[in-house]
Amino acid sequence: MLNLPNILSAVRIVLVPILVVVMLTPPRSWEWTGLGHNWLGALIFGLASLTDLADGWLARRNRQVTALGQWLDPLADKLLVLGALISLVQLERAPAWMVTILVGRELAVTGLRSVATARGVAMPASDLGKRKMAAQVTAILGLLLAPSVPFPLNWVGTVALWVMLALAIWSAVDYYRRFSAVLKND
């Protein structure tokens, strides 16, 4: 069912290629906007991140949680974060090895969740996943804006990236533990 929360998730997916194009095209390409490409990228990423907060809140508040939304929301989150992180690697603002671990984690957790869902067991995001998302937004915004802001945002973004990596590994272990319990009950 297409409702407002699902539309917001779809908007987030549409914003991903726009974000990547803004981040990876020559900075002068965006002078016409009156914003530097770092600010424009941060604005797009920030707007997309706000749709993540809004879609979940609206779905719960209005009792509009749907199967489509439960599939679309995490997909939109992963596309947004991974698109931004891979672009940050290309811009040499994030280490490739760290982003590779994060991409692998996302693929592994998505696989575990898919198998659990196929067995009729829901594995919703845990509090660790929500903390990881907060660290992701902080890291990406910090690393995006670092070249354009006198405050040492590169340091903030880098620390948040390490926190994100730790939370990603911790939550992956938690998903695996929960998935193992699903297998034992089979």
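The values are calculated or read from the model by the stated rules, or taken from the named source; none is laboratory data. Every value quoted in this text rests on a predicted model; they were computed, and no experiment measured them. Heads up, the Cβs are rebuilt from the backbone with ideal geometry, glycines too, and the neighbour counts pull from every protein chain shown.
Screening Asp174 against (1) of a type in the set (Asp, Glu); (2) within 18 Å of the chain's Cα centre (by Cα); (3) surrounded by fewer than 18 Cβ atoms within 10 Å (Cβ to Cβ) leaves a single unmet condition, (2).
Matching residues to (1) charged (D, E, K, R); (2) free of Cβ contacts under 8 Å to residues at least 40 places away in the same chain; (3) within 23 Å of Ser148 (Cβ to Cβ); (4) buried (at least 16 other Cβ atoms within 10 Å of the Cβ):
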site: Thr33; (1), (2), (3), (4): no, yes, yes, no
site: Asp52; (1), (2), (3), (4): yes, no, no, yes
site: Thr66; (1), (2), (3), (4): no, no, no, no
site: Leu107; (1), (2), (3), (4): no, yes, no, no
site: Arg119; (1), (2), (3), (4): yes, no, no, no
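Condition check ((1) outside any helix (DSSP H, G or I); (2) closer than 25 Å to Gly69 by Cα; (3) among the β-branched types (Val, Ile, Thr); (4) touching a His at 6+ places or on another chain (Cβ under 8 Å)) across all residues:
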position	(1), (2), (3), (4)
Val121	yes, yes, yes, no
Leu128	no, yes, no, no
Val137	no, yes, yes, no
Pro147	no, no, no, no
Gly157	no, no, no, no
Trp162	no, no, no, no
Ala168	no, yes, no, no
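Within the range 117-126, can one find any residue that is in contact with a Ser or Thr (Cβ under 9 Å, 6 or more places away or on another chain) and of a type in the set (A, V, I, L, M, F, W, C)?
Yes, there is a match, as at least one residue in the range 117-126 is in contact with a Ser or Thr (Cβ under 9 Å, 6 or more places away or on another chain) and of a type in the set (A, V, I, L, M, F, W, C).
Looking across Thr100, Thr51, Thr117, one residue alone is hydroxyl-bearing (Ser, Thr, Tyr), modelled with pLDDT of 90 or more and within 19 Å of Ala172 (Cβ to Cβ). It is Thr100.
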